[in-house]
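Accompanying notes for the structure given below.
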Amino acid sequence: MNVGSYNRRFTAKPMIAQFFSQKLTWLAVLVSLGIGAMSAHTMWTAREEQWAYHERTNANLSATLAKGLEWSLDGVDLTLQKIAIVLQDAHSLETSEYLSHTVLLDAVWRDIHFSGVTVLDADGREVLREEGVSRPGRDLSQEDFFQAFRAGPRHDVFIGQPSQSLKGKDLVLPVARPVRNAQGEWQGVVVGHLHMLEINAWLHSMNLGELSGVNVIREDGLVLTRFPYDGSSASKTLAGSRNLQRFLSSPQGSFVGQAVLDGIERLYSYHRVGPYPIVINTAQATQSIVQGWKSSALQLGGFALVLIGGCIALAVLFSRELVRREATETDLFAEKERMRLTLRSIGDAVVCTDANGLISYVNPVAQEFTGLSSAEVKGQPLSVLQVDWGHGTQSPASALGGDAPERKRTMMVHRASGERMEVEVISSPVLTASGNVLGAVAVLRDVTLAAEQEARMQRLAFHDALTGLPNRLLLQDRAQQALAQAQRQGSELAVLYLDLDNFKPINDHMGHEAGDAALVQIAQALQSCVRASDTVCRLGGDEFVVLFNSSPGPQELQMMAEKILHACSQTFEWGAQLSPLSISGGISIYPDHAHAWSELLRCADQALYCAKKAGRSQISLYIADGEARRLTAPVPVPVPLSGGAPRLQR
């Protein structure tokens, strides 16, 4: 333990003892406890009243909703009962002659026409529709409102799952009753519906607060609809849950429970919808019920806490504030000194600016790096360093990285020597706690040699070290791009596979150094014959490939092939020795011969083999496996003569 902390602990105990030895202090504590007790009692009473009000409101609302839904269902069910009575005397649900002479049935068909009622036979087929037309209709035998009556005898009304099968695009709530003949035998189902859009719009008008809503549930636990409605409630069920047991235990009631679907605690007020197997409930989140009370309780509790702790806090505040300020000043001085020493000893150049973009500090490395002294740059704009910051203004926010740290490479000029250097700049703004810019810090590092090395390594990775031509890796990349472009544009491209004819004698008799010189000579000749968009590549050894990015026409392709042959048919001179040079090649075309790059190379290689076999010093065009046709005539190869000009050899 250091001396400072020991002294603080030693003086703190007498201060606390002195504070509680005052009678006024104990009186303030007793008054504060009384204020706290009265505030707690007031807050609890307000909560009980708030809860009772919401419980009465929810019960009245659920009763109103249940009665309204009951009236709507009664209107549909009355129509169903009328139709079931009339159809009871019909010999068959598909017989319309008897029904067409019944006055009552005419009224029934009007109900069918306006309410959308459908009659199904014992097989679940739609047999009666609007205007009394009897004809085979849709098969609705898989709907739950039909399966409910097929599974066993039911004499009451059944509410089905919301479905689009009755009204096409509209979602409706099916209401079904059985159709029986005069002997009481079940012979079908009559189905009506309520539009779910109307029900949901009706429920939408009820605003119970956040995380609250209204639910319409069937007796078996199926959620028919709920508000807020998002379409995800379909086919969800509360079957087997404790909440469903409570809903079915009595015609109406209220309780607090945890929701099955989302696990949120809510106050449920529920009512049975008349004689129908439906329960409607209002579910208000307990969080929203007490939300208003919490706001008032927080205000009252906060005020009480202010009164309770005010005197004590004020007494302690001044002494602690003085101690804190002294410690803060000491820490700031130590931090500033530590930062100054760090910047002086760091191995990189460091430049600091103020909020106006003027230089406030440069460390010794930065002075040596730029050739400028601290006195020359202090208070000057950043442009004095002759660094290309890449921005038009001199504010630190834009010149040294904006509002976030930034790393980039740029160029600078040394003031004394005039040397241009590539530097890496890591810049960061200096911000206040509220986000205001106080200045900026930039760290500069000379990366000239590293950049040159990177460029050299990049070139070596994609180019042949001897000839400087693109290597196999770069050729394959350009070929894939050219194939993709040709496929998009529906164009062609050509591949020329080349091989030197007289390379081995040069290597054997003149040496490998002469062979390397011959390869360089051929590479230069090839580059002089192609277009800027084409690629000449050395695959390895004495093999070359020319990729024509866009295939020229047949005549132009032949002319370019002849030009290449003539350019590469030459005499190679190495010291006092002369040797003939010529080249043979094979061409394949995309997409006539192949679609994949590897297949195009293979076809061109086969055409090259045919050209070699036919006598060399010529270029052949691929036709099929093992077959090619001559694209150019053989070019005479100059044969050097001792003591005279070279003669041509065919």
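Quick notes
- Residues being in contact with a Cys (Cβ under 9 Å, 6 or more places away or on another chain) and surrounded by fewer than 17 Cβ atoms within 10 Å (Cβ to Cβ) - total across segment 545-565: 1
- Members of segment 453-479 found to be closer than 30 Å to SER582 by Cα and not aliphatic (A, V, I, L, M), listed by number: ARG459, PHE462, HIS463, ASP464, THR467, GLY468, PRO470, ASN471, ARG472, GLN476, ASP477, ARG478
Residue by residue, here is whether (1) in contact with a helix residue (DSSP H, G or I) (Cβ under 6 Å, 6 or more places away or on another chain); (2) outside the structural domain of SER212 (by TED's automatic domain parsing); (3) surrounded by 11 or more Cβ atoms within 10 Å (Cβ to Cβ); (4) modelled with pLDDT of 75 or more holds:
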{"position": "PHE10", "(1), (2), (3), (4)": "no, no, no, no"}
{"position": "ILE16", "(1), (2), (3), (4)": "no, no, no, no"}
{"position": "LEU24", "(1), (2), (3), (4)": "no, no, no, no"}
{"position": "VAL31", "(1), (2), (3), (4)": "no, no, yes, no"}
{"position": "THR45", "(1), (2), (3), (4)": "no, no, no, yes"}
{"position": "TYR53", "(1), (2), (3), (4)": "no, no, yes, yes"}
{"position": "THR64", "(1), (2), (3), (4)": "no, no, yes, yes"}
{"position": "GLY68", "(1), (2), (3), (4)": "no, no, yes, yes"}
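- Boolean, GLY36 is at pLDDT below 80 and either surrounded by 14 or more Cβ atoms within 10 Å (Cβ to Cβ) or of a type outside the set (A, V, I, L, M, F, W, C) (or both): yes
- Test: residue in segment 527-537 that is closer than 25 Å to HIS593 by Cβ and touching an Asp or Glu at 6+ places or on another chain (Cβ under 9 Å): yes
Yes/no matrix, rows are residues, columns are (1) in contact with a strand residue (DSSP E or B) (Cβ under 6 Å, 6 or more places away or on another chain); (2) polar (S, T, N, Q); (3) outside any helix (DSSP H, G or I):
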position: ALA518; (1), (2), (3): yes, no, no
position: ILE522; (1), (2), (3): no, no, no
position: SER528; (1), (2), (3): no, yes, no
position: SER533; (1), (2), (3): no, yes, yes
position: VAL536; (1), (2), (3): yes, no, yes
position: MET559; (1), (2), (3): no, no, no
position: LEU578; (1), (2), (3): yes, no, yes
position: GLY586; (1), (2), (3): yes, no, yes
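- Segment 458-482, residues that are touching a Leu at 6+ places or on another chain (Cβ under 7 Å) and at pLDDT 85 or above: HIS463, LEU466, THR467, ARG472, LEU475, ARG478, ALA479, ALA482
- Residue pairs meeting the criteria (Cβ under 6 Å; at least 6 apart or on separate chains; first at pLDDT below 75, in segment 318-345; second not polar (S, T, N, Q)): LEU343/VAL350
- Filtering segment 172-185 to residues that are modelled with pLDDT of 85 or more and of a type outside the set (A, V, I, L, M) leaves PRO174, ARG177, PRO178, ARG180.
- Qualifying positions in segment 348-371 - more than 42 Å from the chain's Cα centre (by Cα) and small (Gly, Ala, Ser): SER360, ALA366, GLY371
- Considering segment 231-308, the qualifying strands (runs of 3 or more DSSP E), each wholly inside and each with 3 or more residues that are small (Gly, Ala, Ser) and not assigned by TED's automatic domain parsing to the domain that holds PHE145, run over 252-258.
- Of the residues making up segment 128-147, one or more are more than 30 Å from TRP293 (Cβ to Cβ), modelled with pLDDT of 75 or more and aromatic (Phe, Trp, Tyr).
- Qualifying positions in segment 423-439 - surrounded by fewer than 16 Cβ atoms within 10 Å (Cβ to Cβ) and out of contact with any Pro (no Cβ under 9 Å at 6 or more places or on another chain): LEU431, THR432, ALA433, SER434, GLY435, ASN436
- Hits in segment 483-496 (condition: in contact with a Ser or Thr (Cβ under 8 Å, 6 or more places away or on another chain) and either in a strand (DSSP E or B) or surrounded by 14 or more Cβ atoms within 10 Å (Cβ to Cβ) (or both)): ALA486, SER491, GLU492, LEU493, ALA494, VAL495
- Across segment 595-634, the number of residues qualifying as in a loop (DSSP other than H, G, I, E, B), on the phi < 0 side of the Ramachandran plot and crowded, with 18+ Cβ neighbours inside 10 Å comes to 4.
Residue by residue, here is whether (1) in a loop (DSSP other than H, G, I, E, B); (2) modelled with pLDDT of 80 or more; (3) closer than 30 Å to GLN291 by Cβ holds:
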site	(1), (2), (3)
ALA59	no, yes, yes
SER72	no, yes, no
ILE85	no, yes, no
ASP111	no, no, no
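The values are calculated or read from the model by the stated rules, or taken from the named source; none is laboratory data. For clarity, every value in this text was computed on a predicted model and none was experimentally measured. Methodologically, a virtual Cβ is constructed for each residue, glycine included, from the backbone with ideal geometry; neighbour enumeration extends over all protein chains shown.
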